[in-house]
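Report on one structure; see the data block that follows.
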């Protein structure tokens, strides 16, 4: 690397991020594939993404290994990932027991899935929506006692529709998000778990969510199942959302929602924002290089992304608006 290239790279990294890209591949992505990535390979992938500037990664879910053997090493992955400077290490926990294990491992942030779909809630966590709100309350109490500095978020899954139930009434989605915050969550975001959302629906729901919760309105978690992932993220951004979940290589889906596949590709999402002049804090070249660690850990598993396949446009300079 030349001195000129070094300083150009460093100047990009110093731009204050305007949006937070929360990488969910090591959890959402890996639990959706049949192959189990070895622990050391997971860490090499996480480290590579961290080097690119990703500063929040959902590294695991704390669930029984018999249900998701891909997550059997969750505690080890959390402990080792927390050694990466400046990285917020997040884990998904479906109940108090999982939260206890995650906090014992040293996790920096907890996320709890609460499904707006009655059918999906029973299939995914074997609890009703009301029972999950009470579970969230128990997790909030535990967090308050043992780790009051650890943020707790609720992810309202199937917020835009459900492959099991079909339509999910919008009033129920917003009411559930409010109940989660009242139960102790610091924020509640909306998840397009099965890829049903469209931009008009995204604008409408996030506008309502922000009207009800203000700064406690959380992240947008979009899937690209029907090719609308980026359009939905842009719609959420235009409604004031500033945290976006994404998965490198587009890994992910939902094992309890038939037909659901394809998280928004991190590389494409970062490119979209950077091309607009919206700083992400992520170096695109390093991010795309991190795909090598992913593919080495999951040989033969398909990975996706338009930007990595096409490459950056000629003359593209990260940090400048391209409109």
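The values are calculated or read from the model by the stated rules, or taken from the named source; none is laboratory data. All values derive from a computational prediction rather than experimental measurement. Cβ: placed from backbone, ideal geometry, glycine included. Neighbour counts: every protein chain shown.
Some points to look at:
- So residue 285, is it in a helix (DSSP H, G or I), more than 16 Å from the chain's Cα centre (by Cα), modelled with pLDDT of 95 or more and over 15 Å from residue 190 (Cβ atoms): yes
- Scope segment 233-249; condition assigned to a loop (DSSP other than H, G, I, E, B) and under 13 Å from the mean Cα position of the chain (by Cα); matching residues: 242
- Among residues of segment 32-42, those that are surrounded by fewer than 22 Cβ atoms within 10 Å (Cβ to Cβ) and either in a helix (DSSP H, G or I) or free of Cβ contacts under 8 Å to residues at least 60 places away in the same chain (or both), counted: 6
- Residue within segment 217-237 that is more than 28 Å from residue 31 (Cβ to Cβ) and either touching a strand residue (DSSP E or B) at 6+ places or on another chain (Cβ under 9 Å) or at pLDDT 95 or above (or both) present: no
- Filter pass, residue 47 being part of a helix (DSSP H, G or I) and closer than 22 Å to residue 17 by Cα: yes
- Index of the failed condition, residue 83 passing every other in (1) part of a strand (DSSP E or B); (2) free of Cβ contacts under 8 Å to residues at least 12 places away in the same chain: (1)
- Of all residues in segment 47-59, those satisfying the criterion of being crowded, with 18+ Cβ neighbours inside 10 Å and either touching a residue at least 40 places away in the same chain (Cβ under 8 Å) or farther than 19 Å from residue 221 by Cβ (or both) are 48, 49, 50, 52, 53, 54, 55, 56, 58.
- For segment 90-104, a residue qualifies if it is surrounded by fewer than 21 Cβ atoms within 10 Å (Cβ to Cβ), within 13 Å of residue 75 (Cα to Cα) and either in contact (Cβ under 8 Å) with a residue 40 or more places away in the chain or touching a strand residue (DSSP E or B) at 6+ places or on another chain (Cβ under 7 Å) (or both), and exactly one does: 100.
- Residue 230 touching a helix residue (DSSP H, G or I) at 6+ places or on another chain (Cβ under 6 Å), in a helix (DSSP H, G or I), under 30 Å from residue 106 (Cβ atoms) and in contact (Cβ under 8 Å) with a residue 12 or more places away in the chain: no
- Subset of segment 75-89 (residues that are in contact with a helix residue (DSSP H, G or I) (Cβ under 7 Å, 6 or more places away or on another chain) and buried (at least 16 other Cβ atoms within 10 Å of the Cβ)): 75, 77, 78, 80, 81, 84, 87, 89
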